[in-house]
Amino acid sequence: MRDALADLRDGRGARIGVVGEAGSGKSRFFRELRELASRRKIPVFHGRALPFGSDRPLAPFRDLISDILGIEADTNAAEVRERLRRLTELRLEEADVAVIATLYAMDLGDKGTPAREAVDTVMVKLVRGLAHDHPTIVMLEDVQYLDHFEAGLFSQLLDASEGEPVLLLANWRGELDPRLAERMQRVTLGPLAPALVEQLAADVLGAESIGPDLTRLVHRAAEGNPLYLEEVLKTLRQNGRIWYEGRRARLKDPHLDLGLPDTLAGLIAARVDALDPLAKGALQVAAIIGLGFSPVLLGEAVGADEPMALVGELVRAGLVTPDGRSPDTAYSFASVLVWDCVNRGILGLQRREYHRMVAAAMERVYADRLDTVVEAFAQHCHAAGRVRDAITSIYRAGEDHRAAQFFERALDCFLRGIGWHDAAPRAEKDAQVEARLHVAAGETARILGLASAERMLTVALDIAAEAGPRVAEARALLGLGQIYAAKGKFALARANIEDAVGISRRAGDLSLHVQCLEALGALELDAGEVDEARRIYEKGLAAAGDRGDLAARMLLGLANHAARRGDDEASHELLQRALPHAEASGDRVLLGRVLNNRGIALLDAGKPAEALVEFRRALEIRRGLGYRQGELVNLHNIGDALLRMGDHARAWAAFEQSRELARDCASERGVSMNDVYLHYLRGLRGEEVRADLAAAGAEAARLGEPESALLARWFAARLAQDGAAAAAIVAEAEVQGFPNLARQLRSSGAVRGSLSG
């Protein structure tokens, strides 16, 4: 590590992972490295992933930014805003700062919530900005706890630090994704050698050496684990079992039973029990707050006017440690093991009371910025028995995550809310809140491509139809209609969506009404009612007014309508109008749809290579969101573009991936369309596929996919080299209202079976 610091001073960075089991000294090593770097005037910025979740996604990276700007748990909202704006000094633009502000539940822009994958780009710029003027150390602890998206961002930082004067350090225990671990030089902290065990024991006891009885004990009990060794020695000293002979420490009365607990947890528990009652209570409340805590919040919760006196006692006991830029602002437990031991020692009734104290303290400390910790607040309310407050808050947290397009985290919040509501006493239940939770969960599950979405929305519809609210009923009907349409059940889809249109209009919910009109227009287009689809889209566009996000939806629908009529120029122009609205909206699902359809327009214009770029852009956005329905669409369209470019092997891989996703998402139409292409590619390899193509075409027709049905027949004709049959199918495509398909098949033998949306 000294070599790495020396290299850093010379402008050469590194990426190092420190690995070891619990108690091996990873966190201690990082703390001492921070002190060493401070003496060498090298800035160090630190974040930590938590084993039990956090109030907001990307918390480790938010903490990293807080360390950069000196933002603490008790920094008021105005000061947080001011410090965030200072990020422009690190060569970030105002739009970048607005992205960072979303991690603090703040809006510093005027274009809605920035995209979640935009955080990747901004964090990379931030790290490079830090390193521009001087070498920098970035530390992330316990990276084994990073969630899927956080791990992706960490991967981006590994890329960003390469070639920069940045020393990126991470520590973890257990297994880490090899795609991350293999990109770092690894330092393993294993058991201490016997000589080092004895030296550490003497240091802990303030001696120069230790006696033979004590030497045998520490080797037997600690097995080279430094944390265990420390806990054994502290327990012995607390119990008066250490005797000093000059500068040598030995066991007092070694023939007597030492009374040592058998486990490390037992040793820690013994030291906690030795605290005075006030300090022990404060320590337990701190454990309820979390692995890290603010003395301000702790003091408010326990009613201490001078919380630092209590915290100081806990620091002297070695149970908590300063964890921040300033030693009097932020603290954390000395290790996850200490936190876990204290937490498990809290009795049931006592735990409920502590959660009540913390929830009340959060309301007072955070006041007008409770949204920044609303998920943690909900958890404390639930554990405290404040059921209504818990359910309301977890719903707000889910909506916040959904607005920021952290869909997996949003669904988790909604499902927790449903579980809490189901378990609540009858007097605490609220049917309208229950309906909203089921609707939100179903909508989010549908975006994620989960089969459970239909069940959730069906339950929501049953509840909302009886108890309201009407908007929840309309949202449930719309979601179910979209699911039925994906399954090819068009009669059911139409009935649900038409009901949703009527209810949303009467409820006066413009955004929902336009979304319902959009879904209805798509149904009409699928049914071949081209003029009716255009009328609906134009009605929706007029209703959208100056709402750019809603206008983009209708412009997208009109572009699909123009493409269906074979008017490529009009389709392209409408998509060009929709794109800036989609970009400004911050709705990455919508932006992905626009980019996807731009790709289709380029395919129709005979530009598959350019189309491939748009499809891949859309896929990158959708994968970042976990939007599996969108992923299957883009993978299919990528396969379509590659097939037209003659790259059959990669086209096969794309269609196969799309088919697997379609099956996982229960999208029968997606499975059917991919089957048609996969059978055709098998036929190009020389396999006999006539029966398979006929079956796939029949299935496509059953599911309301006439283009795929025509393609299956045309592919069969092409493979049989039956020109007359192929020409007849082209003519049939014209009659059925698919001029682009007919033109493509007639002109060059290319195919069009791309999915819009």
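The values are calculated or read from the model by the stated rules, or taken from the named source; none is laboratory data. Fair warning: this is a prediction, and the values are worked out from it, not measured in the lab. Don't worry about glycine lacking a Cβ; one is built from the backbone with ideal geometry, like all the others, and counts go over all protein chains shown.
Can we say GLY528 is under 25 Å from ALA563 (Cα atoms), surrounded by fewer than 16 Cβ atoms within 10 Å (Cβ to Cβ) and either among the small types (Gly, Ala, Ser) or modelled with pLDDT of 95 or more (or both)?
Yes: the conditions hold for GLY528.
Does the range 348-358 contain at least one residue that is under 23 Å from ALA404 (Cβ atoms), modelled with pLDDT under 95 and assigned to a helix (DSSP H, G or I)?
The answer is no, given that none of the residues of the range 348-358 is under 23 Å from ALA404 (Cβ atoms), modelled with pLDDT under 95 and assigned to a helix (DSSP H, G or I).
Could you say whether any residue in the range 158-170 is under 27 Å from ASP412 (Cα atoms) and in contact with a strand residue (DSSP E or B) (Cβ under 9 Å, 6 or more places away or on another chain)?
Among the residues of the range 158-170, not one is under 27 Å from ASP412 (Cα atoms) and in contact with a strand residue (DSSP E or B) (Cβ under 9 Å, 6 or more places away or on another chain), which makes the answer no.
Does any residue of the range 704-711 turn out to be among the hydroxyl-bearing types (Ser, Thr, Tyr), assigned to a helix (DSSP H, G or I) and surrounded by fewer than 17 Cβ atoms within 10 Å (Cβ to Cβ)?
no
So which residues in the range 638-685 are among the polar types (S, T, N, Q) and surrounded by fewer than 19 Cβ atoms within 10 Å (Cβ to Cβ)?
Within the range 638-685, just GLN657 meets the criteria.
Any idea which of LEU347, LEU370 is over 25 Å from the mean Cα position of the chain (by Cα) and surrounded by fewer than 20 Cβ atoms within 10 Å (Cβ to Cβ)?
The conditions single out LEU347.
Pairs please, first residue from the range 1-20 and in the same structural domain as ALA131 (by TED's automatic domain parsing) and within 22 Å of PRO178 (Cβ to Cβ), second anywhere and part of a strand (DSSP E or B) and hydroxyl-bearing (Ser, Thr, Tyr), Cβ atoms under 6 Å, 6+ apart in sequence or on different chains.
VAL19/THR188
Hey, can you tell me all the residues within the range 727-740 that are small (Gly, Ala, Ser) and either surrounded by 20 or more Cβ atoms within 10 Å (Cβ to Cβ) or not in a helix (DSSP H, G or I) (or both)?
ALA733, GLY737
Hey, can you tell me all the residues within the range 153-197 that are surrounded by fewer than 18 Cβ atoms within 10 Å (Cβ to Cβ), part of a helix (DSSP H, G or I) and touching a helix residue (DSSP H, G or I) at 6+ places or on another chain (Cβ under 8 Å)?
SER155, GLN156, LEU158, ASP159, ARG179, PRO194
Mind listing whichever residues of the range 88-102 are under 14 Å from VAL119 (Cα atoms), among the hydrophobic types (A, V, I, L, M, F, W, C) and assigned to a helix (DSSP H, G or I)?
Within the range 88-102, ALA95, VAL97, ALA98, VAL99, ILE100, ALA101 qualify.
With respect to the numbered conditions (1) under 22 Å from ALA551 (Cβ atoms); (2) touching a residue at least 12 places away in the same chain (Cβ under 8 Å), which one is the sole condition not fulfilled by GLU532?
Here GLU532 clears every test but (2).
For the range 528-550, how many residues are part of a helix (DSSP H, G or I) and of a type in the set (Asp, Glu)?
Counting residues in the range 528-550 that are part of a helix (DSSP H, G or I) and of a type in the set (Asp, Glu) gives 4.
Return the only residue of GLU734, GLU707 being under 23 Å from VAL671 (Cβ atoms) and either in contact with a helix residue (DSSP H, G or I) (Cβ under 9 Å, 6 or more places away or on another chain) or at pLDDT below 80 (or both).
Residue meeting the stated conditions: GLU707.
Give, as residue ranges, the helices (runs of 4 or more DSSP H) completely inside the range 219-304 that count at least 3 residues that are without any contact (Cβ under 8 Å) to a residue 60 or more places away in the chain, among the aliphatic types (A, V, I, L, M) and at negative phi.
Here the list reads 226-238, 277-289.
Being more than 23 Å from ARG31 (Cα to Cα), surrounded by fewer than 20 Cβ atoms within 10 Å (Cβ to Cβ) and modelled with pLDDT of 90 or more is the requirement here; does SER209 meet it?
Judged against the criteria, SER209 is a match.
Output yes when any residue across the range 50-59 is modelled with pLDDT of 80 or more, assigned by TED's automatic domain parsing to the domain that holds ALA151 and on the phi < 0 side of the Ramachandran plot, and no when none is.
No, the conditions are met nowhere in the range 50-59.
Please specify each residue of the range 274-301 satisfying the condition of being surrounded by fewer than 20 Cβ atoms within 10 Å (Cβ to Cβ) and over 27 Å from THR235 (Cα atoms).
Selection gives VAL296 alone.
Under 9 Å by Cβ, and 6 or more places apart or on different chains, what pairs join a residue from the range 183-207 that is charged (D, E, K, R) with one that is assigned to a loop (DSSP other than H, G, I, E, B) and at pLDDT below 90?
ARG183/GLU162
Among the residues of the range 285-307, is there at least one that is out of contact with any helix residue (DSSP H, G or I) (no Cβ under 7 Å at 6 or more places or on another chain) and among the charged types (D, E, K, R)?
Yes; the residues of the range 285-307 include at least one that is out of contact with any helix residue (DSSP H, G or I) (no Cβ under 7 Å at 6 or more places or on another chain) and among the charged types (D, E, K, R).
Out of the residues in the range 432-464 meeting the condition of being surrounded by fewer than 15 Cβ atoms within 10 Å (Cβ to Cβ) and among the small types (Gly, Ala, Ser), tell me which one is modelled with the highest pLDDT.
SER452
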